[in-house]
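*Asks:* Sharing a structure here in structure tokens format.
The values are calculated or read from the model by the stated rules, or taken from the named source; none is laboratory data. Quantities reported herein were computed from a predicted structural model and do not represent experimental measurements. When we count neighbours, we look across all protein chains shown, and the Cβ atoms used for this are built from the backbone with ideal geometry, even at glycine. Heads up: the accessible areas ignore ligands, DNA and RNA and are worked out on the full protein's heavy atoms, side chains in. Shrake-Rupley method; radii C 1.70, N 1.55, O 1.52, S 1.80 Å.
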Amino acid sequence: MPTSTDVFAKAREHERLEQLKVARELDALPFFRVLEGPTLPVAEMEGKPRIMLGSNNYLGLTGDERVKQGALDALNRYGTGLTGSRFLNGTIELHLELERELAEWLGTEAALVFTTGHQANIGALGTLLGPADTVVADSGDHASILDGCLLSRAKLRPFRHNRVDRLERTLEKASEDGGGILVVVDGVFSMEGDLAPLPEIAERCSRFGARLMVDEAHALGVLGARGAGTCELMGVEDRADLRMATFSKSLASCGGVIAGPSDVIEFLRIQSRPFMFTASAAPAALGAALAAVRICRSAEGPALFDRVLGNARYLHDGLRELGFKVVEPTSLPDGTEVVTPVVPVVVGDDWKAVFLWKALYEAGVYVNVAIHPAVPPSGALLRTSVMASHDRATLDRALELFAEAKRVFESEHGPLPAPAGASEPASLSGAAQTSDGRKNTL
Ligand SMILES: Cc1ncc(COP(=O)(O)O)c(C=O)c1O
């Protein structure tokens, strides 16, 4: 008997349809806006220059002549695409050079380059974990981590965002599950910009015999004296068993990497389905990433890391002074405060976030919007982010436009959340997941 259920029904009935319709009618949809030129500090979008505070181009290297030349050289030598997987005809010398350089930079025995960071996470987690294992993940972890956990069919035990006491209790339970245990956290959380307390997490991992994997997507090329990420900054490089990073942020390209012990990397090379059964990256993406890695590792690197972090602090303090509720900096055990290039403004209500976004966009500033399920219900954010190449005049102009947008917005919609004595990162509620346990951050 034919089924009466149409698998397409959900496309016609889902909960967001009405909201999307209204947002489109009001020309207030903050997603899929069209960029018409390079991601520079001021970018051309939909016919107008807009201050770009919504990219992950942290070091501003997408417009760097050496990075562009790296892409062009690769294009000219290898053509537009490799038309095959790394496993078969899709490996070129640029992959091997990148793997050598990334392993050296991160101080690991080996590294494996994937076509995207999402694939690196699902390719590592989905292969190393099996149904007999347990994976312990922070509730604020990136969607690709959650996807990898689900793919693996390991027992997933989430713990409340950045709560080491909860991690400890979760590890106690996990140690009774009977299989191997992997703890996986973002080094810098993608929406809130706060850092994982890695020394405490690493201590709990060794106490419970668990392996530790750290996603350095937002930290590579930003944190640590070498720019090697959160593990370097917090002095736990020798205690993180696996490190993941992407080329789609500081490295101004597209691709991903898993770095760790040689035997594990070799296992992934011949077993990881998201590595083996997809096309290799376009050569230009590899050439650009390699050039960006070399800039980060040159004498120029630390100045770039300083510049992006200085800009982040400047924007964070400026927004706070204007009365916006910004996520508080992370304090390290030595008392140092870290403001990462992700500088979120907490708005709370989804529609208010959309209307504030629209006021900013019309005034000439582009920022990202994070609404549920990317963040917990009532935890909507404007996710702003800076580049090393933003100059102070541009940031000052952005702050002026923020002040103006706030004034107009509040006169129409009422007050925005004010900076509290201690504002709480949005994911602290631990609810930053969809009903199927997946978090949809970008
Ligand atoms: C923390 C984190 N991990 C992984 C990824 C996936 O990386 P990619 O964009 O290279 O697929 C992202 C990208 O947004 C991210 O923010």
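*Asks:* May I ask you to say which residue of PHE324, PHE275, PHE355 is surrounded by 24 or more Cβ atoms within 10 Å (Cβ to Cβ), aromatic (Phe, Trp, Tyr), touching a helix residue (DSSP H, G or I) at 6+ places or on another chain (Cβ under 8 Å) and in a helix (DSSP H, G or I)?
*Replies:* Answer to the selection: PHE275.
*Asks:* Which ones in the stretch 156-200 are surrounded by fewer than 21 Cβ atoms within 10 Å (Cβ to Cβ), in contact (Cβ under 8 Å) with a residue 24 or more places away in the chain, within 24 Å of PRO274 (Cβ to Cβ) and touching a helix residue (DSSP H, G or I) at 6+ places or on another chain (Cβ under 8 Å)?
*Replies:* Across the stretch 156-200, the qualifying residue is only LEU156.
*Asks:* Could you please let me know if GLY123 is touching a Pro at 6+ places or on another chain (Cβ under 7 Å), small (Gly, Ala, Ser) and either within 15 Å of the ligand (Cβ to nearest atom) or open to solvent by less than 10 Å² (accessible area, probe 1.4 Å) (or both)?
*Replies:* yes
*Asks:* Only one of these is assigned to a loop (DSSP other than H, G, I, E, B), away from the ligand (no atom under 16 Å from the Cβ) and over 16 Å from PRO341 (Cβ atoms): GLY235, GLY227. Name it.
*Replies:* Among GLY235, GLY227, only GLY235 is assigned to a loop (DSSP other than H, G, I, E, B), away from the ligand (no atom under 16 Å from the Cβ) and over 16 Å from PRO341 (Cβ atoms).
*Asks:* Any residue in the stretch 83-102 that's small (Gly, Ala, Ser): show its pairings with residues that are open to solvent by 60 Å² or more (accessible area, probe 1.4 Å) at Cβ separation under 8 Å, as long as the two are six or more apart or on different chains.
*Replies:* That search, which allows pairs on different chains as well, returns SER85/PHE277; GLY90/THR83.
*Asks:* In the list THR108, THR115, which residue meets the criterion of being in contact (Cβ under 8 Å) with a residue 60 or more places away in the chain and more than 16 Å from the ligand (Cβ to nearest atom)?
*Replies:* Matching residue, one of THR108, THR115: THR108.
*Asks:* Just to be sure I understand, how many residues within the stretch 238-256 are more than 11 Å from the ligand (Cβ to nearest atom), buried (at least 24 other Cβ atoms within 10 Å of the Cβ) and of a type outside the set (Lys, Arg)?
*Replies:* Residues flagged as more than 11 Å from the ligand (Cβ to nearest atom), buried (at least 24 other Cβ atoms within 10 Å of the Cβ) and of a type outside the set (Lys, Arg) within the stretch 238-256 amount to 3.
*Asks:* Give the residue that is surrounded by the fewest Cβ atoms within 10 Å (Cβ to Cβ), with candidates limited to residues of the stretch 387-402 that are in contact with a Gly (Cβ under 9 Å, 6 or more places away or on another chain) and not in a helix (DSSP H, G or I).
*Replies:* Filtering the stretch 387-402 for residues that are in contact with a Gly (Cβ under 9 Å, 6 or more places away or on another chain) and not in a helix (DSSP H, G or I), the one surrounded by the fewest Cβ atoms within 10 Å (Cβ to Cβ) comes out as SER389.
*Asks:* Only residues that are open to solvent by 30 Å² or more (accessible area, probe 1.4 Å) and not in a loop (DSSP other than H, G, I, E, B): list them for the stretch 19-40, please.
*Replies:* GLN19, LEU20, LYS21, VAL22, ARG24, GLU25, LEU35
*Asks:* Which members of the stretch 238-263 meet the condition of being in a loop (DSSP other than H, G, I, E, B) and either touching an Asp or Glu at 6+ places or on another chain (Cβ under 6 Å) or on the phi > 0 side of the Ramachandran plot (or both)?
*Replies:* Correct list: ALA252, GLY255, PRO261.
*Asks:* Another question, then. When residues of the stretch 139-160 are filtered for being charged (D, E, K, R) and more than 11 Å from the ligand (Cβ to nearest atom), how many remain?
*Replies:* Summing the residues that are charged (D, E, K, R) and more than 11 Å from the ligand (Cβ to nearest atom) in the stretch 139-160 gives 4.
*Asks:* Between GLU300, GLU362, which is over 21 Å from LEU220 (Cβ atoms) and either free of Cβ contacts under 8 Å to residues at least 24 places away in the same chain or open to solvent by 10 Å² or more (accessible area, probe 1.4 Å) (or both)?
*Replies:* GLU362
*Asks:* Select, from VAL308, VAL293, VAL326, the only residue that is touching a Lys or Arg at 6+ places or on another chain (Cβ under 8 Å) and modelled with pLDDT of 95 or more.
*Replies:* Residue meeting the stated conditions: VAL326.
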